[in-house]
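Read the structure below first, then the notes.
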Amino acid sequence: MIDIANAAKSFAGRPAVHDLSLHVPRGAIYGLLGHNGAGKSTTLGMLLGQVFPDRGSVSIGGHDVFADRGRALGRVGAIFEAPCFYDYLSGRRNLQVFSRYTTKVSRAQVDAAIDRVGLAARIDHKVGTYSHGMRQRLALAQALLPAPELLLLDEPTDGLDPEGIADFRQTLLALHDELKLTILFSSHLLQEVERTCTHVAVMREGRKVFDGDWRERATDDDRFMLEVDRHAEALAFLRTQKMIAPQRLATAAGVDLADINAKLVHAGFRVRAIAPVARTLETFYMDQRERAWEVPAC
Amino acid sequence: MLIWELYKLYARRRTYIGFGAFVLLQAAILAMLQHPRAKGEIGKLLNANGLDFGDHYGGLTLAIVVIAFSFTFLGGLYVALVAGDIVAKEYEEGTLRLVLARPVSRVRLLLVKFAACVIYSVSLVLFLGVTALLFASVYRGGLGKLFIFIPEENLFAFYDTGEGLFRYVRGVCALAAATITITSLAFMFSCFKMKPAAATILTLSLLFIDVVMMNLPYFRSLRPWFASYHMGSWVRTFHTYPPWPAIAESALVLVGLSATFVTIGIAHFAQRDLK
C-alpha cells in the first residue's frame, strides 16, 4: 500500500530522514516509532506530499505522491497531532469543507462518519466549543470522508485522557476490521502501538533501525534480568567471559541463562534471580535503540 | 471549491470589520460635512465656478468625497488584511496542512484562494460605492448633480444626474479593479512563510512608501513609475474626455503587477515544505 524507496530529506543542511525505505502492506496497522525528532513527522509529510524529499520516491497504492497526487491521495485520510479546524464553523460544516477538497460527499456519508465517531449530539455546534477529545473524534470523522483505504495518523492520541485514548483505540481497531483499512500510526506511546499495531518501524535520528512484525522478532529477544551481589563486578566478569552482549544485559550467541547462572555461582557470586525479560514492545523498542548503538543502522 | 472558500471567508467575523469600518467612516464624514464651515468651503468653490450649490451639493458629489477619503485611508488596509490572512492564517492555524492532506493541487488551491480574495476586494469596494451613494443621497435628499474637482489631476467636471450616475458607477468599478493589485501584493506575501500580520504590514508599508514617494515633488516626472499612480486612474474616468490610452496603459500595468505578484506567491508556495 505504501512504498518509500531510499527517501532522504534535510532541513537547512540538517538531515531529518536518511535513505529511508519502507513498505507497508495492505491491511496492516503499522506503527512508526521513534523519539522526538526521529523523522516520523517528516516521513508522514513526505507521504502526504507536504515535504519534498531531496531524493528517493514515495508512492501510495502504486501512484507516486508527487507526480500523481490526485490518485495517490484520493483514498487517504489523515490526522495530525493537533486537530486543527475552522473554529468558527460547526463540526458538520468543517466535515463538508474538508471532504470537498477530495470530492463531493452526500449528507448521508457525512452522517455515517459522524455516527461512527459518536459526535452526533454536538456536530452542529461550533468547533471552537469542542474539547480536545471531541476535536480528535471530529478529525477521525474528517479522515473517514469520503471513503479512505489508508489512514495516516500522526501522534493521534497526544493530549487525550486515558479514556479518550482507549476510545480512540477501539474505534481504530473497529475501523480496521469493518472497513479493511490500512493504517500508518506514528506515535511515541509504546503501549498504544503494542495494543493496536501489527507491524512497527523504529526510527532513530532519521534512520530506520527496525521494520516488520515485532512480535516475530521479539521471540529472538535475548535480554534477561539478573539479581546478584556485586552486580557491576558480575557483569564485568560475564563480559570478559564473552557470555553477554557488550552494551546490553543480553545473552551472547549460543549462551543460555543456565550457563550464565552456573558460571556466576562457580565464580563465587550469589545469584538471587535470573530470568528472561518479558517481551513487550517497550523492551523490544529499547533493545532496538541499544542495538543501534552497537551496529550501524540498516 | 470556490463556493466553500467564500463560505469560509464570509463566515469569519473579521471579514466584516472592513464593511463595518466603512459604514462608520462614511457616517463620520457625512456628519462632518454638516458643519457650516465645510458646507461653506464647498459652496464657495461651486459658486466661484458658476455652479448652483443646491443642485451640485447632492448625493453623487458627496459620495465621491466620501469614497475618495474613506478608501484612501481604509480600503488598502482591509483588502490587505483579508488577502494577507488567506494563506498565512490557515498555515498558522494548521488547517492548511489538513487541506493539503487531500488530493488537491497547491496551485489550484491557491488560485481558488486568490479568486476568493478578489471577490472580497471587489465586494468591499462595491459595498462602499453603494452605501456612500445611499447615505449621501438620504443625507442630501436626492442624488443631485455630480461635481468633482481634483487639482492634482487637473480634474474639474460637473455632470447632470444621469450622466453623473453613469460616471459614478464606472468610476467605482475602475476603483474595484485597481484594488486587485493591493490584493495580489498581500496574497503574495501571505504565500511566504510569515505571520499573517506581517503579510498585511508589509503590503501596507510598500503601499505607503509608493504613495509617499510618488507625491514627493522631486519625483513628479517619475509618477508613472509608481503603482499608486496607476491605481489612481479610476479618478481619470471622471474627466469630460477621459484619457483612455493612459487609462488603458494603467490597467495593463496593474494587470502585469498583479499577475507577477500572484505568480511569485504561488511559485514559492508550491515548493515550500509544510511542517
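The values are calculated or read from the model by the stated rules, or taken from the named source; none is laboratory data. A quick note: this is a predicted structure, and the numbers were derived from the prediction, not measured. So basically every Cβ, Gly included, is an ideal-geometry build from the backbone, and we count neighbours across all protein chains shown. Accessible surface is based on the protein model in full, side chains and every heavy atom, while ligands, DNA and RNA are left aside. Shrake-Rupley method; radii C 1.70, N 1.55, O 1.52, S 1.80 Å.
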query = With respect to residue A:108, is the statement that it is at pLDDT 90 or above, more than 12 Å from every other protein chain (Cβ to nearest Cβ) and assigned to a helix (DSSP H, G or I) true?
reply = yes
note = Given (1) more than 15 Å from the chain's Cα centre (by Cα); (2) over 19 Å from residue A:89 (Cβ atoms), residue B:95 misses just (2)
message = Show the residue pairs meeting these rules: Cβ distance below 7 Å; 6+ apart or different chains; first residue within segment B:9-23 and within 11 Å of chain A (Cβ to nearest Cβ); second residue among the small types (Gly, Ala, Ser) and open to solvent by less than 50 Å² (accessible area, probe 1.4 Å).
response = B:9/B:116
query = Within the group A:120, A:143, which residue is more than 8 Å from chain B (Cβ to nearest Cβ) and open to solvent by less than 40 Å² (accessible area, probe 1.4 Å)?
reply = A:143
task = Within segment A:51-60, track down each residue that is within 12 Å of chain B (Cβ to nearest Cβ) and touching an Asp or Glu at 6+ places or on another chain (Cβ under 7 Å).
result = A:51, A:52
inquiry  = Here's a check for you: in segment A:157-190, which residue that is at pLDDT 85 or above and within 14 Å of chain B (Cβ to nearest Cβ) is farthest from the chain's Cα centre (by Cα)?
reply    = A:184
inquiry  = For segment B:83-97, give me the residue count where each residue is open to solvent by less than 10 Å² (accessible area, probe 1.4 Å), touching a residue at least 24 places away in the same chain (Cβ under 8 Å) and either at the interface with another protein chain (Cβ under 9 Å from one of its Cβ atoms) or of a type in the set (Val, Ile, Thr) (or both).
reply    = 2
query = helices (runs of 4 or more DSSP H) wholly in segment B:14-61 with at least 3 residues that are at pLDDT 85 or above and surrounded by 18 or more Cβ atoms within 10 Å (Cβ to Cβ) - which ones?
reply = B:17-33
inquiry  = Condition first: more than 27 Å from residue B:13 (Cβ to Cβ), among the charged types (D, E, K, R) and over 29 Å from the mean Cα position of the chain (by Cα). Now tell me which residues in segment A:108-139 satisfy that.
reply    = A:111
key: Residues located in segment B:98-120, provided they are assigned to a loop (DSSP other than H, G, I, E, B) and either open to solvent by 10 Å² or more (accessible area, probe 1.4 Å) or of a type in the set (D, E, K, R) (or both)   = B:102, B:103, B:105
request  = Sort through B:217, B:245 and tell me the only one that's open to solvent by 50 Å² or more (accessible area, probe 1.4 Å) and at pLDDT 90 or above.
outcome  = B:245
query = Which one of these is more than 12 Å from chain B (Cβ to nearest Cβ) and at negative phi: A:41, A:21, A:10?
reply = A:21
Failed criterion for residue A:82 (all others in (1) closer than 24 Å to residue A:158 by Cβ; (2) within 14 Å of chain B (Cβ to nearest Cβ); (3) open to solvent by less than 10 Å² (accessible area, probe 1.4 Å) hold) = (3)
Only one of A:223, A:239, A:204, A:248 that is in contact (Cβ under 8 Å) with a residue 12 or more places away in the chain and surrounded by fewer than 18 Cβ atoms within 10 Å (Cβ to Cβ) = A:248
query = Taking the condition of a type outside the set (Asp, Glu), closer than 30 Å to residue A:145 by Cα and outside any helix (DSSP H, G or I), does residue B:83 pass?
reply = no
remark   = Exception for residue A:103 within (1) more than 8 Å from chain B (Cβ to nearest Cβ); (2) assigned to a loop (DSSP other than H, G, I, E, B); (3) at pLDDT 90 or above falls at (3)
request  = Take segment A:24-68 and flag every residue that is among the small types (Gly, Ala, Ser), closer than 17 Å to residue B:105 by Cα and either in contact (Cβ under 8 Å) with a residue 60 or more places away in the chain or open to solvent by less than 10 Å² (accessible area, probe 1.4 Å) (or both).
outcome  = A:45, A:49
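Listed here are the residues, each with its yes/no results for (1) under 17 Å from the mean Cα position of the chain (by Cα); (2) under 26 Å from residue B:133 (Cβ atoms); (3) not β-branched (Val, Ile, Thr).
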site: B:171; (1), (2), (3): yes, yes, yes
site: B:178; (1), (2), (3): yes, yes, yes
site: B:199; (1), (2), (3): no, no, yes
site: B:203; (1), (2), (3): yes, no, no
site: B:218; (1), (2), (3): no, no, yes
site: B:228; (1), (2), (3): yes, yes, yes
site: B:235; (1), (2), (3): yes, yes, no
site: B:242; (1), (2), (3): no, yes, yes
site: B:254; (1), (2), (3): yes, yes, yes
key: Subset of segment A:141-157 [part of a loop (DSSP other than H, G, I, E, B), within 18 Å of residue A:178 (Cα to Cα) and in contact with a Lys or Arg (Cβ under 9 Å, 6 or more places away or on another chain)]   = A:144, A:146, A:147, A:148, A:149
message = Checking residue B:270 against (1) open to solvent by 30 Å² or more (accessible area, probe 1.4 Å); (2) more than 14 Å from chain A (Cβ to nearest Cβ); (3) closer than 30 Å to residue B:105 by Cα: exactly one of these is not met. Which one?
response = (2)
Number of the exception - residue A:72 against (1) open to solvent by 40 Å² or more (accessible area, probe 1.4 Å); (2) at the interface with chain B (Cβ under 9 Å from one of its Cβ atoms) = (1)
request  = Give the residue, chosen from B:135, B:187, B:166, that is within 19 Å of residue B:258 (Cα to Cα), among the aromatic types (Phe, Trp, Tyr) and under 20 Å from the mean Cα position of the chain (by Cα).
outcome  = B:187
